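Colleague: Encoded as structure tokens, here's the structure I'll be asking about.
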Amino acid sequence: MSMPDRGEQTCAPGTPSVLFVGKSSNFSPRLIAATGQDLDDVQLSVVPDPDFLTDFAATQDRAPNLVVMDEQTLGSLTDSQLEQLNALHWTALALAYNSIGYAATSYRTVLAPRNGSVFALNTRLDLWVTILRLILHGGVYVCPHVVHHAPPPVPDGDDGARLDITLTPRQREVMKLVSEGRCNKEIAATLGLSEHTVKLHLHNANRRLGASNRTEAAMRFRSIR
């Protein structure tokens, strides 16, 4: 069996890349094409079967910035396929899920330890694109429903060093401005981000700080600086 043509494209130097690994019924040509229209500066590739990962890697000059898997693929990875996946030396890993129960378990056992992201396959396209771009810029997105089902362990509030290290550089930038009383619009203008992206960073910072709202997050952030 050979790799599909769309999986044999080579990224131009410096072009960010996303590799989707999963069934065509999930990562359909229509979905990938629609994603590509909004992410026209990103190389998108699809591998329908993890057994093709080694062949895919042989066609690429560098590692993908982001690997997005569907739950059927992630849940059925063999040791050999997992080795092939790790050999890609991806920068970020994400799960696009159908089942909230499976997503919650996978987040707790597989993705959280790897700082991975989790979002629903049926996410609205504009949000889907925003999430992908957020991850490509070093962020992490975890669907709130997944957090509710499988809340990650949060360090004690007195352990400032451990709390601080769980925040990404961008999350720390956002939280610094939040703690100064800036609104999302001001933060977006200061950091050159969209307001929606600021909200995503704030959501993830709240989760990592163990805060239930903006004010509590700001207080916890100030206590660990």
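Colleague: Among rounded, prolate and oblate, which fits segment 160-224 when a ≥ b ≥ c are the square roots of the eigenvalues of its C-alpha gyration tensor, a/c under 1.5 means rounded, and a/b larger than b/c means prolate?
Modeller: Values: a/c = 1.76, a/b = 1.61, b/c = 1.09.
Prolate shape, in that a/c is at least 1.5 and a/b is the bigger ratio.
Colleague: Helix 29-38 versus the longest principal axis of the chain: what angle, 0 to 90°, nearest 10, using Cα atoms?
Modeller: 50 degrees
Colleague: Next question, about the same structure. Nearest 500 deg cm²/dmol is fine: what mean residue ellipticity at 222 nm does the chain get from its DSSP H runs of n ≥ 4 alone, each adding -39,500 (n - 2.57), divided by its residue count? Please report the intermediate quantities before stating the final value.
Modeller: Details: 12 runs with 106 residues, N = 225.
Result for the chain: -13000 deg cm²/dmol, rounded to the nearest 500.
Colleague: In degrees between 0 and 90, to the nearest 10, how far off the longest principal axis of the chain does helix 125-136 point, with axes built from Cα atoms?
Modeller: Taking Cα atoms only, the helix is inclined about 80 degrees.
Colleague: Follow-up question, since we're still on this one. Compute the relative contact order of the chain as a whole-number percentage, counting only Cα pairs closer than 8 Å that sit 6 or more residues apart in sequence. Walk me through the numbers before you get to the answer.
Modeller: Values: 317 pairs, mean separation 33.3, N = 225.
Relative contact order here is 15 percent.
Colleague: Next question, about the same structure. Cα to Cα, under 27 Å, and not fewer than 8 places away if on the same chain: which lysines meet these conditions relative to Lys199?
Modeller: Lys199 reaches Lys176, Lys185.
Only the coordinates and a few stated rules stand behind these numbers; no lab work does. Every value quoted in this text rests on a predicted model; they were computed, and no experiment measured them.
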